[in-house]
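The values are calculated or read from the model by the stated rules, or taken from the named source; none is laboratory data. What you see is a predicted model, and the numbers here were worked out from it, not measured in a lab. Note that we place each Cβ from the backbone using ideal geometry, even for glycine, and neighbour counts take in every protein chain shown. The area values use the complete protein model at the heavy-atom level, side chains included, leaving out ligands, DNA and RNA. Shrake-Rupley method; radii C 1.70, N 1.55, O 1.52, S 1.80 Å.
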Amino acid sequence: MSADASTRKWSKKTLYEVHELIGQGKNFEEAIAGRVDIAAAEDIAAFKADLERFSGGPLRADLDALLMTGGHVEVIRSALDVLHVGDGNSKWLTMLACVAAESDERIHPFPCAATRMGKTHMLESMEPLFRERFKRYDGSSPKNLYYEADRDGKGFLRGKVAYFDEIADREDLWPILKKVTDSNSDRLEHHTVLEKKAKTLELEGLPAVLTAGMKDVTDDKINGRFMKLPIDETLKQTSDIWDFSAEAARELRRKSENPVVVRARELLSIVMEGGPYRVLVPLAPCVDWAKFEFEQPRVDQRNFLGIVKATALLDRHRRPAFIDDGHPVVVASESDLNEAYRRWRAIGPTAYIKLDSMAFAVLKAIPRVGKSGPWKPTADIKTKLEGKVAPSTVHKKLDALFERGLVDRESAGRYNEWLWDRVVSDDRLEGMTVSTESLASFYGIPWKADFKGPTGRKQEVEEWAVSTLSTVSTGFEKTQAAGLAERMMDGQKPAGGAEER
C-alpha cells in the first residue's frame, strides 16, 4: 500500500487479524508482519489510530508499556484536567480513593465548600474514568441497597465506587453508611423492616464512597470516616472555569469522548484488574508520626496510610509484588510515602476543620483583639480582602467561622451587622493556614531519629523482608532481601525472584 497516511484505509479483515494476534500476546511488530506494509512513522501512527478505533480503545501493549515506565501517571493527570478545571490535589486524591476500592485500605473523600463551587462536579468527573465501577445513588433510599443485594448478590458493591450526593441532610442513609465506610470491616450486615417484614442486608466486599457537602454530617461517627478535601474558591479558579466554559460554548457540536480520557480509563482498568490487593508498607514503623500533629490521630493516620497504599497500587506494575495464600500483595516503596506526605500536607487543615482556603483567608484578615480594643466590622474585613474574596463570600465564610467557634461576634448596633474578633491565637493560625504552595515545596516524610539516614531504613526493610517474605517462599534468602530493599528505596519494580511469586 502506498497511499498517503491521511487517506489510507485498512480492511476490517486486516484490522481484525492484527487485533486478534495482539490479544494472543504478540507485540505490535509481530502482529503486523506480513499483513501491513508500513514503514514511515506517520503511517504507523495512522494504522494504530485505525486499530484503536476498531478495537474500541487503546492497544493493550501500549498501555502495558506506559504502566511499566510510569508514563500512565501523566496520562491520568491530563485526563483529570480535561474532566475538571483546577483542584489538582483534591481531584488526584479523589481518583486515588477510587483506585483504593481494590485496596485493603479504602478511603472516602468528602470535598467541602460553599454551594455551587464545583465539589459535586469534581466527584462526578470520576465517572468517565471508572465507568464500569461507578454507581450513583442520587437521592437514593436505603431500601434500594436491599433490593439490589437481593437481585445482584452480596458482592454487588465489591470493588465499586459508590457516589452519594450531599449526605448531610439525608439522615436515613447514615446507619448504612456508617457500616459501609467502616475501615475495620470488609463485610456488612444491617437489619431493617421492609413491607412489615424483617429484612437483612448482607454485603461481602464494600465500596469506596464519594460524597460532598457544604457542611458536616452531625453524626461524629460517620463524619470521622470521611477524608475532608478543600475545593478552590478563589477568584482565579472562577476565572479559569469561565475560560473553560467559554470555549465549550462556541463549539458547533459536542465532540466525541476525549482520547486521553479513554486512554486513562483503560490504564486504570488494568491497574485495578486482578484485585482486591493487599498493600504492605514496611517502612511505616520508621515514620515519626508525632511530627504529623494529627487532629484525630487514629483516623488521620489510617487515612494517610490509605493514600500511601492507593499510591503504591496505582504504580503496582513497578512495585515489588507477590502472591500470599492465593491473594495478590503489593509492597509500597519509600517514594509512595513521600508522595502521600506531600499530598496530605497540601490538604491543609481542611481534613479536620472542614473549611476551605477562602475561609482561612477571611480568618486571617480578622485581628485577635479580645478585650483590649475595638472589634472589626464586616465592612473593614471586606476592604482588606478586596480583589481576593468576593464580598458575598466574606459573609458566608464569617458565618462558617463563627459556627466553628474560630471567631466571636457582637452586634454592631444595626440589624444583621456584626463586629468580629478572632478567637484563634496567632501561633495556631500559622499552623492552620492552608498552603497555596506547590506540592514540590513540601519536604519528604519525617522519619524517626534512628531512620533519618537511608542506611537505617534499608536495614529495616531487609530485616522485614527476611522475617516476612521467607514465609511466602522457602527459597527466600538474605541476598534477595537486600535487593528488595534497594528497589523499595527507589520505587522500582523488582527484576525477579521469590518475592514476585
Test: Glu386 is under 25 Å from Thr238 (Cβ atoms), among the acidic types (Asp, Glu) and either assigned to a loop (DSSP other than H, G, I, E, B) or open to solvent by 30 Å² or more (accessible area, probe 1.4 Å) (or both): yes
What do you reckon, is Glu124 surrounded by fewer than 17 Cβ atoms within 10 Å (Cβ to Cβ) and either modelled with pLDDT of 85 or more or hydrophobic (A, V, I, L, M, F, W, C) (or both)? no
Candidates Ala400, Ala465 - the one that is under 23 Å from Leu314 (Cα atoms), outside any loop (DSSP other than H, G, I, E, B), open to solvent by less than 40 Å² (accessible area, probe 1.4 Å) and modelled with pLDDT of 75 or more: Ala465
Which of the residues spanning region 330-370 are over 17 Å from the mean Cα position of the chain (by Cα) and at pLDDT below 80? Pro349, Tyr352, Ile353, Lys354, Leu355, Asp356, Ser357, Met358, Ala359, Phe360
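Any idea which of Asp408, Asp426 is open to solvent by less than 70 Å² (accessible area, probe 1.4 Å) and modelled with pLDDT of 75 or more?
Asp408
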Taking region 318-330 and keeping only residues that are open to solvent by less than 30 Å² (accessible area, probe 1.4 Å), of a type outside the set (A, V, I, L, M, F, W, C) and touching a residue at least 60 places away in the same chain (Cβ under 8 Å), one is left with Arg319, Pro320
Scan region 284-296 for residues that are in contact with a helix residue (DSSP H, G or I) (Cβ under 6 Å, 6 or more places away or on another chain) and either of a type in the set (Ser, Thr, Tyr) or open to solvent by less than 20 Å² (accessible area, probe 1.4 Å) (or both) and report the count. 1
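Each row is one residue, and each column tells you yes or no for (1) open to solvent by less than 50 Å² (accessible area, probe 1.4 Å); (2) at pLDDT 90 or above.
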position: Asn27; (1), (2): no, no
position: Ala33; (1), (2): no, no
position: Val36; (1), (2): yes, no
position: Glu42; (1), (2): no, no
position: Gly71; (1), (2): yes, yes
position: Asn89; (1), (2): yes, no
position: Leu93; (1), (2): yes, yes
position: Ala100; (1), (2): yes, yes
position: Gly118; (1), (2): yes, no
Consider only pairs whose beta carbons are under 6 Å apart and that are at least six residues apart or on different chains; among these, list those whose first residue lies in region 195-217 and is open to solvent by 10 Å² or more (accessible area, probe 1.4 Å) and whose second residue is at pLDDT below 75 and in a loop (DSSP other than H, G, I, E, B). Met214/Ala114; Met214/Thr115; Lys215/Ala168; Asp216/Lys354
Could you grab me the full set of residues in region 297-315 that are crowded, with 22+ Cβ neighbours inside 10 Å and over 20 Å from Arg342 (Cβ atoms)? none
Pairs returned, first residue in region 226-250 that is in a helix (DSSP H, G or I), second residue that is of a type in the set (A, V, I, L, M), beta-carbon separation under 8 angstrom, 6 or more apart or interchain, are Leu235/Val389; Leu235/Ala390; Gln237/Val85; Asp240/Val85; Ile241/Val85; Phe244/Val85
Does Ser239 satisfy the condition of being over 20 Å from Leu63 (Cα atoms) and among the hydroxyl-bearing types (Ser, Thr, Tyr)? yes
Pick from region 252-283 the residues that are of a type in the set (D, E, K, R) and part of a loop (DSSP other than H, G, I, E, B): which of them is most open to solvent (accessible area, probe 1.4 Å)? Arg254
